[in-house]
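Worksheet for the structure shown next.
None of the figures in this text is laboratory data; all of them are computed from the coordinates on show. Keep in mind it's a predicted model, so treat the numbers as computed, not measured. Every residue, glycine as well, gets a Cβ built from its backbone with ideal geometry; the counts of neighbours run over all protein chains shown.
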Amino acid sequence: MFLKQSWYAAWWADDLPADGLSPRTIADEPILFWRDDQGMPQAILDRCPHRYAPLSMGQRVPGGVRCGYHGIAFDGAGRCLQNPHGPIVSALSVRAFPVVEKYKILWIWMGDADRADPAAIPDLAFADRAPDTAYSRGFLPTAAGHQLIEDNILDLTHADYLHATTLGGGSVTRARPNIREHEDGTVFIEWPASNEVALPFFRAEMPDPDMLTDMWTSVLWHPCGVMTLRFGATPAGRPREEGIDTWSAHIVTPETARSSHYFYFNTREFRVDDAEYNALFAAGLRHAFTTEDKPMIEAQQRRLGDADLFDRSPVLLASDAASTRARRVYARLLAAEQDAATAS
Amino acid sequence: MFLKQSWYAAWWADDLPADGLSPRTIADEPILFWRDDQGMPQAILDRCPHRYAPLSMGQRVPGGVRCGYHGIAFDGAGRCLQNPHGPIVSALSVRAFPVVEKYKILWIWMGDADRADPAAIPDLAFADRAPDTAYSRGFLPTAAGHQLIEDNILDLTHADYLHATTLGGGSVTRARPNIREHEDGTVFIEWPASNEVALPFFRAEMPDPDMLTDMWTSVLWHPCGVMTLRFGATPAGRPREEGIDTWSAHIVTPETARSSHYFYFNTREFRVDDAEYNALFAAGLRHAFTTEDKPMIEAQQRRLGDADLFDRSPVLLASDAASTRARRVYARLLAAEQDAATAS
Amino acid sequence: MFLKQSWYAAWWADDLPADGLSPRTIADEPILFWRDDQGMPQAILDRCPHRYAPLSMGQRVPGGVRCGYHGIAFDGAGRCLQNPHGPIVSALSVRAFPVVEKYKILWIWMGDADRADPAAIPDLAFADRAPDTAYSRGFLPTAAGHQLIEDNILDLTHADYLHATTLGGGSVTRARPNIREHEDGTVFIEWPASNEVALPFFRAEMPDPDMLTDMWTSVLWHPCGVMTLRFGATPAGRPREEGIDTWSAHIVTPETARSSHYFYFNTREFRVDDAEYNALFAAGLRHAFTTEDKPMIEAQQRRLGDADLFDRSPVLLASDAASTRARRVYARLLAAEQDAATAS
C-alpha cells in the first residue's frame, strides 16, 4: 500500500519523447505516458477497459492514443475519442492522472484529481538554477521497496562504511545529529561537523586537503519520497561562503511493493562552469550509488522477502532516529488516507 | 479448470516420431505420448506411480515404456508389463488416455475412456482434401489461457486494427454479424460484407485489386477449442464460385491455466497447385499470428495476472457477443461436468 | 521443517578459505562462514540484526566481521565487537552456530549450542585413512528436497536401471536385502550377491572379467543425511580380502525444502596408489551422479511441486523398505523435537 494523494516523480521530463508511448508502473498501477500534439504530457491507465490490452501497444492518433487491439481511442483525459464498434458509452473511459512538468521532472498525481495541486511538489528549484555544467543525475531501477531506499538516505552514517573511500570519512558517524519533524509531514536531519578533515570527495577543493574543516550535511525528507540533501565544507571557523556547497535530491517512487524507481540529481555551487569536473563528479556518485548502495539495499530486501523490516524486530540504533520518524509519519498519513477512503 | 470429457489436439500427427518418447502437458496433466511397435499412438500419464519419476525420462521397450529410474514397465493401456521388484499388483498402473489420429492431428481424450468417441472430434475434413500446395500450418506455444485466444478469433474485428495491412481493412468492423448458438454447444458467427474492397491479402486475386467485392468471413467455435474459419471474396454481385475461398482451423488446447498449445492450419480453394504462393501465404499468416496476435494476447494475460477477464468487469461491446456466448456455453458445460462428478 | 539438533555438512573444509567470507544457506537459515585469525572456522547468521544486511557483504576485521552497511562488527560467537553508533546493548548480537572440522568436512550444528557434541558426527574415519590417490569427491547443488536424495541411496536397485552400464548389472535387484533399524536412529541395508558377474565398474579388477563373484553392497543411513556405502567384490567363494573393496559417503544437507547441498566422496582399498585410476574412477562416478541421478531426482521434485512424495500415495514396493524406515525415523525425531520445543 502506498500514499495515493501524492505527487510521484515518473520520468526525467526529457526522457518522455515528443512521439511514442511510454509505459511505466507507478505504485502498482500500469500507466501510459505520452506527449500530446502540443507537447503536453498525458497519463492514463495503460489498460484498455474493453479487454485489458495495454494501450502502450497501440498508436498515437490526433488527440490521443488508439488501442492496438480493437481500435478504441482515448484522449489524455481518459475519454473515449472513438469506438468503431458502437456508441461511446460512459463506461468506455479510462482513468486519467494529473501530470505536471517541474524541475526537469514529470510528476504524476496518483490520488483524486481535484486534489492535485502542483504547489505541493517539494521545492527543487535548485535543479533549475544550476547550469548544465553543475548538474548531473541518474536513474536506478531498484529491486527494493521505497522505504528501504529512504531509510538509506535518512541515515547517512552509512557513507562512512559503504562509501568509505569516496563519500565517507567517519565525520557523519561522529556527529551529533539534529532532527526536526515539521507540521507539513517533512522530517529534517542534519549532522554538523567541526574540525574534521573534509570528505574524500571534497578534500581537493580545500586550500589544503588535509586541513581541518567545518562541514554541513543534511536531509529534508518529504512523504512522497523526495529528499533534498545538502553537503558542504569550509575551512574550520570560516563562513560557509568561503567553502564549497552542493545540493542534491534523491527521489524514490514506488513501482511495486518490492521495486522502486530511484531518481537522483546533484547540483554544485562551486566550479559551476567546469564540464570536465562535472563529469568526474557525476561518475563518482554513479559508482557509489550503483555499485555500493543499490546492491546493499537489494540484498536487504532479499533477506526480508515480503516482510516489512519493522515487523521483523530489527535492533534500532540512535542513527535510525530520522528514518523511524519518517516511517511513523508515512504510516500515519497512510492510515488517514484509508480512514478517509472508508468514510467516503 | 478445464473440460475433461473432451478431445484436445495434442500434436501434429507427423511430429510424433516412430521412435522416442514425447512429453506434453495437456490441461494440467503431464502426458507421455509415443508410437507403439505398430505405429499406433499411445498416451499415458507421464509419472511413474512408484516414485513420480517422469516416464518420458525412460526408454521404449517392446510393448511399452520402461521407467528409467527403477525399471518398471507399462504398456499403452497403462498396465504394468514388468516389475523387477516383485509381483505386479493392481495399483501398479498408470492412467491411460484414448488417442486418435485424424485430420493430420493427434487428439487426446481427457475424460472417462468409455465416453471417448472419435466422431465427436469436430469436422476438419478440409485438412485432408487440400493438396500440400494449398495447406500450411503453425504451432504457437502461447503464454495465455485458452479463452483469451478463443475470444481473439470470435471477434475478428481485431483484424482491422491488429492486422490492418494484411488481414484487415475495416470491412469486418463495418459488418453486421449474424450469431447462432447450436444445440451441440457450437457457436457460429459470420460477418457478411458487400461492396467492399477486398482484404489486402485477397486484392491481387481479384480481376481488379481496387474493385468492389462481396466477402464472407465466419467462425464456427466448438467447446473443445476448435474453431473453423472461412474467408472468401468474389466480385460484387457475382456467385461465390467466381471468387476465392479459404478454410482454416484455429485450435487451442489448454496446457495450464495461463498457457496454451495453439495450432492453426489454412487451406485454399484457389491457386491450389501453386507451391510458391502457398509459401508466401503461410509466411504472411505466420507473421500476423506470431508478431501481432500472440504478443497482444500474452500482454492481456500479464495485465490480468491470475484473474479471469470476465471477473474484472471489462466493458463489453457488440463485437464481444460471440465470445460472450462461447464463454457462457463453456461455463455451463464445465458446471455440468462438475455436478456429474460430484453426483457419481 | 528440518531436524535442528543435528550436525550438517556445510563445506569441504579446504573450500573455506583462510580469508574472505563464505555465505551458504543451511536448513533455511542464511549462514556466514569464515576462518578466524587462527584459522578456526566460525559460523553466524548472515544477517545484521540492525537492518538485515547480509554480513557476507561486509569485511573481515581482527576478531570478526564488520557489516558493510553501518560498520557494526561481530565475532564468531555472535557478540558485538564494535558499534560505531552507540553502546553495545545485549540485543546487538547475532546467532552463532557451533562448527567443527572433521573428516575433511566442515560441520555446523543447527540446534541448541549446549547440545552440540562432535562425537555425534557419524564415523567417516575412512576419509582420513585413504591416501589422496584413493580418495575422490564431488559437490552437487541439487534442486530437490533432501529426502528424495536419501531415498535414492537407500534403494540402490536404481543402479540396475539408471546406471545400467556403469554401476548396475541387475545383481542389486536380484538380491534379497537385509534391513536393520538401530537404537541410535540409523538404518542399515545390505544387498548380498553370490555367483554374479561383477558390476561393470569392477569387472576389470577380477582375475577374469566374466567370472562369477560374490559382492557386497550396503548403506548405513544416519538421520542427519549422512550415508556410508560399501561396495566390493571377490571371486565366488573366496574371502573378501582377496577381492576389492570401496567405502563411500553420500551426505545430503538441506538448503531449503526444495534444494539440497549434496556431498559425496569415495575411497578405495585397491590400487590405492594409482592416481590415474583414481581420476578415471572419479570421472565415472561424477558422470553417473551428475548426468543420471541428479536430473532424475530433480525431475521427481518438479513432478511433486511442493508436495511430499509420501503424501501423494506412491505405490511402494519391497525395494522401498529401507527408505520408508528412514523416513519414519526422521518423522519421529522431528515430532520429538517439536514436542520438546513446545514444552520448553
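The alpha carbons of the stretch C:68-207 give a radius of gyration and a Dmax of 23.2, 76 Å, in that order.
Only Cα pairs under 8 Å and 6+ residues apart enter the sum, and on that basis the relative contact order of the stretch C:70-164 stands at 13 percent. Along the axis of the charge dipole computed for the protein assembly as shown (Cβ charges of +1 for Lys and Arg, -1 for Asp and Glu, origin at the Cα centre), the listed residues C:P295, C:I26, A:A18 are led at the positive end by C:I26.
Temperature 37 °C, viscosity 0.692 mPa s: under these conditions the Stokes-Einstein estimate for the stretch A:214-273, based on its Kirkwood radius over C-alpha pairs, is 252 µm² per second. Once you order the gyration tensor axes a ≥ b ≥ c over the Cα atoms, which shape class does the stretch B:7-119 get: rounded for a/c under 1.5, otherwise prolate or oblate by comparing a/b with b/c? Judged from the Cα gyration tensor, the stretch B:7-119 comes out prolate (a/c at least 1.5, a/b above b/c). Please tell me the relative contact order of chain B in percent, rounded to the nearest whole number, where contacts are Cα pairs under 8 Å and at least six residues apart. Taking the mean separation of contacting Cα pairs over the length of chain B, I get 17 percent. Compared with the direct C-alpha span, the chain from A:A282 to A:E242 gains 12.1 nm at full extension, assuming 0.36 nm per residue. Inter-chain neighbour count for B:309-320: the average number of beta-carbon atoms from partner chains within 10 Å of each residue's beta-carbon is 5. Between C:A282, C:A299, C:A326, the GNM of chain C built on Cα springs shorter than 10 angstrom shows C:A299 fluctuating the most.
When A:P207 is represented by a point 7 angstrom out along its Cα-to-C-beta vector, the spacings to that point in the other copies are 10.0, 10.0 nm, nearest first. If a spin label sat at a point 7 angstrom from the Cα of A:Q38 along the line to its beta carbon, no backbone N atom of the stretch A:5-20 would be nearer than 14 Å. Angle, helix C:294-304 long axis vs. longest principal axis of chain C, Cα atoms, 0 to 90°, nearest 10? Result, in degrees: 70.
Which of rounded, prolate, oblate describes the stretch A:15-73, given a ≥ b ≥ c as roots of the alpha-carbon gyration tensor eigenvalues and a/c under 1.5 marking rounded, otherwise prolate only if a/b is larger than b/c? In terms of gyration-tensor shape, oblate. The other copies place their B:G237 label points at 10.7, 10.7 nm from this one, listed shortest first, where each point is 7 Å from Cα along Cα→Cβ. Taking the 0 to 90 degree range and rounding to the nearest ten, how far is the long axis of helix A:321-343 tilted relative to the main principal axis of chain A, both from C-alpha atoms? Orientation of helix A:321-343: about 20 degrees from the principal axis. The average projected area of the stretch B:99-178, computed from the convex hull of its Cα atoms over all directions, is 8.1 nm².
Averaged over peptide B:64-70, the number of partner chain Cβ atoms lying within 10 Å of each residue's Cβ comes to 5. In a reduced charge model with +1 at each Lys and Arg Cβ and -1 at each Asp and Glu Cβ, the protein assembly as shown shows a dipole moment near 1040 debye about its Cα centre. Relative to the longest principal axis of chain C, what angle (0 to 90°, nearest 10) does the C-alpha long axis of helix C:275-288 take? The answer is roughly 80 degrees. When the square roots of the Cα gyration tensor eigenvalues are ordered a ≥ b ≥ c, the ratio a/c for the protein assembly as shown is 1.5 or more and a/b does not exceed b/c, which makes its shape oblate. The simple spin-label model puts a point 7 Å past each Cα toward its Cβ; for A:V61 and A:A321 those points are separated by 6.0 nm. Taking the centroid of alpha carbons for each part, the stretch C:308-344 and the stretch C:137-216 are 23 Å apart. Could you point to the residue in B:P41, B:G64, B:C80 farthest towards the positive end of the stretch B:30-84's charge dipole, with +1 and -1 charges on the Cβ of Lys/Arg and Asp/Glu respectively? Towards the positive end, the residue furthest out is B:C80. Springs between Cα atoms under 10 Å define the GNM used for chain C, and in it the highest mean-square fluctuation of C:G169, C:G86, C:G232 occurs at C:G86.
Taking the helices alone, chain C has a mean residue ellipticity at 222 nm of -6000 deg cm²/dmol, built from -39,500 (n - 2.57) per DSSP H run of at least 4 residues and averaged over all its residues. Basic side chains Lys and Arg get +1 at the Cβ, acidic Asp and Glu get -1 at the Cβ, and with that the dipole of chain C about its Cα centre reaches some 900 debye. Each other copy holds its own label point for C:G111; taking that point as 7 Å from Cα along Cα to Cβ, the gaps run 5.6, 5.6 nm, nearest first. Computed over the Cα atoms of the stretch B:123-336, the ratio of the radius of gyration to the Kirkwood radius (Rg/Rh) comes to 0.96.
By the count of neighbouring beta-carbon atoms within 10 Å, fewest first, C:T186, A:T342 end up ordered A:T342, C:T186. With a threshold of 27 Å on the Cα-Cα distance, the over-threshold entries among B:K294/C:K294; B:K4/B:K102; A:K294/C:K4; A:K294/C:K294; A:K4/A:K104 are B:K294/C:K294; A:K294/C:K4; A:K294/C:K294.
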